[in-house]
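The values are calculated or read from the model by the stated rules, or taken from the named source; none is laboratory data. Keep in mind that this is a model prediction, so the values were computed, not measured. Every residue, glycine among them, receives a Cβ derived from its backbone with ideal geometry; neighbour counts consider all protein chains shown. For accessibility, only protein heavy atoms count, side chains too; no ligands or nucleic acids. Shrake-Rupley method; radii C 1.70, N 1.55, O 1.52, S 1.80 Å.
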Amino acid sequence: MPLSRSGVFEASTDARLVRFSESVSFDSRLYPQDIRGSKVHAEMLCRVGILTEEESAAIQTALSEIEVELDQGKLPLRIEMEDIHMHIEQALIDRLGDVGRKLHTGRSRNDQVATDIRLWVRQACDQIDRLLADLQRAFLSRCTKDAGVILPAYTHLQRAQPVLASHYWLAYIEKLSRDRSRLADCRKRANVCPLGAAAVAGTSIPIDRHWTAEKLGFEGVAANSIDISSDRDFAVEAAFVLTMIAEHLSGWAEEWILWSTVEFGFIKLPHKFCTGSSIMPQKINPDTLELTRGKTARVVGNLQTLLVLIKGLPLAYNRDLQEDKPPLFDSFDTVQACLELAIPIVEESELQIESIAARIDQGYLDATTLMEALILKGMPQRTAHHHVGSLVGVARKKKIALADLSNEDFASVDPELFTHADSLRSALGVAGAVAAYKSYGSSQPLEVQHQIDRWTQLLAVKSPPQNSLH
Ligand code: ARG
């Protein structure tokens, strides 16, 4: 008989409901958090005189033993016992009898599960943050490796302007930095202690919630038991932050899938992260990147699931909330898996310098620089824009680069250009265009180096080894 079934029931639970309502199949991974919370709760009950020193000590020892059993997979998980909280409490009662029956004093499963998930999310956020920092470091290390390489920047996936490869890598570092800041913000709101809110109204047992919260490393104690026993905002926030990470990874994956094609020929992906075809022997497919892009769908879906789950829920705890865990866990697991592969792919892929250079002069990447050179000589922007468009037209017809236009070609567009042609030509070509950038945040080599130095400092502290989320 499950512990939650009091003497009020006139019949035992229907087997179909047992199967329908269990959550142990997915919440068992909360056991380390559940045991940690229970240990601190028992210690607190002892401090306020509800448990004796001996009772509290016995509970601590038994909970440690139960944790070892769970670590080793020796505690059988049975759907009849509903969830992980019940399993642990029942195992305690099996060991300690009436002493075990005292643990649930001054708490409910509502604040208990809320505490467990918050502890879990806090740790999971830290782990994702370490991986994000490592991915930033991977992009940063490419800046040295690819120093001086010029790539086309695209808008509308059409060749736009030349940029340093490092400028691309810094763009990803910035995106990931926003992800880390969102994650830190979400962690702050998750890091509030619900334990002691009990079912909904608090408790008449003289518990010390502040002591419990501090012992569990929470930054604060939730001030309203009705709110905190059912609040899942932090879970939705985490799912959103993870969605943004997945979206960023998905954009990167798509870009490198394109770059690895024969058509682009920009990058060679490490073969150990590619797969072959069972029929076409020549194929080297970028499946890791495709799956990174594809798995974003489920992360977006999980966010949607959580948003719909809490829609219209009256205060306070409703059993619907049990459904928060599968999407929340899945988003963390999926993003973790994507990051774990993104890091070595970013580190180990090789830019195809020769094939990039062979076609870097195609697409008139220096046209905007030419326009700006005319503006700097006093020509109104709209006029310069029009003239350079005409010059691109002339060059395209002659199948030559802007730098190869003759003085007469310049004059054919505007006679005034004839005298400027030589000085204009010196700023052309992709290297000239890159050197000509001036603005903060541009691809100007010194500007880029300044950003590389800034990130080198910011990312200097190496992450400690990662723990598993499981
Ligand atoms: N398994 C439940 C969940 O995850 C635990 C809380 C159940 N509370 C209750 N009053 N039935 O939400």
* **Residue match in the range 121-144 (condition: within 16 Å of the ligand (Cβ to nearest atom) and modelled with pLDDT of 95 or more)** => yes
Here the qualifying pairs (Cβ atoms under 6 Å; residues six or more apart or on different chains; first in the range 223-235 and farther than 19 Å from residue 312 by Cβ; second assigned to a loop (DSSP other than H, G, I, E, B) and not hydrophobic (A, V, I, L, M, F, W, C)) come out as 225/202; 228/194
Exception for residue 258 within (1) surrounded by fewer than 21 Cβ atoms within 10 Å (Cβ to Cβ); (2) more than 21 Å from residue 139 (Cβ to Cβ) falls at (2)
Quiz item: Does residue 242 qualify as being part of a helix (DSSP H, G or I), of a type outside the set (Gly, Ala, Ser) and open to solvent by 20 Å² or more (accessible area, probe 1.4 Å)?
Solution: no
The correct count of residues that are more than 36 Å from the chain's Cα centre (by Cα) and either within 16 Å of the ligand (Cβ to nearest atom) or not acidic (Asp, Glu) (or both) in the range 81-103 is 12
